[in-house]
Amino acid sequence: MRKYPLLIFLAGFSFWAQAQSNKTEVLFNGKNLDGWYIINGDESIEAPLFAVVNGTIGTYPSQEALSEQPFAALVTVKEYENYTLSLEFKWGEKKFKPRDESVRDAGVLIHMYGEDVIWPAGIECQIQEGDTGDLWIIKSMASSKVDGNGNNYDPKGTLITKGEGSDYSRISRHYSWEKQGWNAIRLEVKGDQAQFFVNEKLVNEAIDMKKWDTEKEAWVPLTRGKIMIQAEGAELFYRNIRVKAF
């Protein structure tokens, strides 16, 4: 009995399965916000807080500079696990009250879960002038490695854990790799681990991400969730938002 056709079929199926597991999903098509929904920090505000602007996602697209504006979030409808998230961002010129005298601020959240509020639970890679790549642990728990001063991320540093007993905990990136114009963020998310890259430089890491399980009354691994991008009182543009599954 000749087995060649079976071997060819198995090889073809293996190739197809690998291609499916490594496929890239475009989260923003440059035309509309299909696949996303908005969390508005002030429901009385009717003007859009996110909109498509020249093929990008723009925050506060029609608002006047220095006007009072709420914080907001754009959230994927789907949940994701085991993936690489890549996106680019660029600051605009406009700033809004109450953050008009602060540095421009935003962020991208992974493994978002729980209530749709400002701000929801999850793990954030901060986007902020001079501080892009800071790790924010929001209503969750995670570990990272820090330098001898216990402040900044160090890939060879001491492992510390933050988040238990605090809604907001921060571990700063070890250096600022931002530049003028468009900046690239890449998040490598494997189960309950994540690495933050800014312009291809490793700047932070979230290890053993956890969430509180009310039924078990225990911290359990945080391995999946929605993806969120923020509007936090500054004009900002996002583009080339993609997820590649492992």
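Annotations
- Taking the criterion of being part of a loop (DSSP other than H, G, I, E, B) and either free of Cβ contacts under 8 Å to residues at least 12 places away in the same chain or in contact with a Ser or Thr (Cβ under 8 Å, 6 or more places away or on another chain) (or both), the residues of the stretch 167-199 that qualify are R173, S176, W177, E178, Q180, G191, D192.
- The listed residue being touching a residue at least 60 places away in the same chain (Cβ under 8 Å), loosely packed, with under 14 Cβ neighbours inside 10 Å and farther than 22 Å from R239 by Cβ, out of E79, E46: E79
- Test set (1) under 28 Å from K31 (Cβ atoms); (2) in contact with a Lys or Arg (Cβ under 8 Å, 6 or more places away or on another chain) - V220 fails condition number: (1)
- The single residue among K90, K78, K145 that is basic (K, R), closer than 27 Å to V53 by Cα and not in a loop (DSSP other than H, G, I, E, B) turns out to be K90.
- Residues of the stretch 188-204 that are under 13 Å from the mean Cα position of the chain (by Cα) and surrounded by fewer than 22 Cβ atoms within 10 Å (Cβ to Cβ): E188, Q195, F197.
- Restricting attention to the stretch 200-226, the residues being aliphatic (A, V, I, L, M) and free of Cβ contacts under 8 Å to residues at least 60 places away in the same chain number 3.
- Among the residues making up the stretch 126-166, those that are surrounded by 14 or more Cβ atoms within 10 Å (Cβ to Cβ), touching a residue at least 40 places away in the same chain (Cβ under 8 Å) and among the hydrophobic types (A, V, I, L, M, F, W, C) are I127, L135, I137, M141, A142.
- Top-ranked residue of the stretch 205-214 - restricted to ones that are of a type in the set (A, V, I, L, M) and surrounded by 20 or more Cβ atoms within 10 Å (Cβ to Cβ), ranked as nearest to the chain's Cα centre (by Cα): A206
- Any hit, the stretch 195-215, residues being of a type outside the set (D, E), farther than 15 Å from I123 by Cβ and at pLDDT below 95: yes
The values are calculated or read from the model by the stated rules, or taken from the named source; none is laboratory data. In this text the structure is predicted, and so the values were computed from the model without any measurement. No Cβ is skipped: glycine too gets one built from the backbone with ideal geometry, and neighbour counts run over all protein chains shown.
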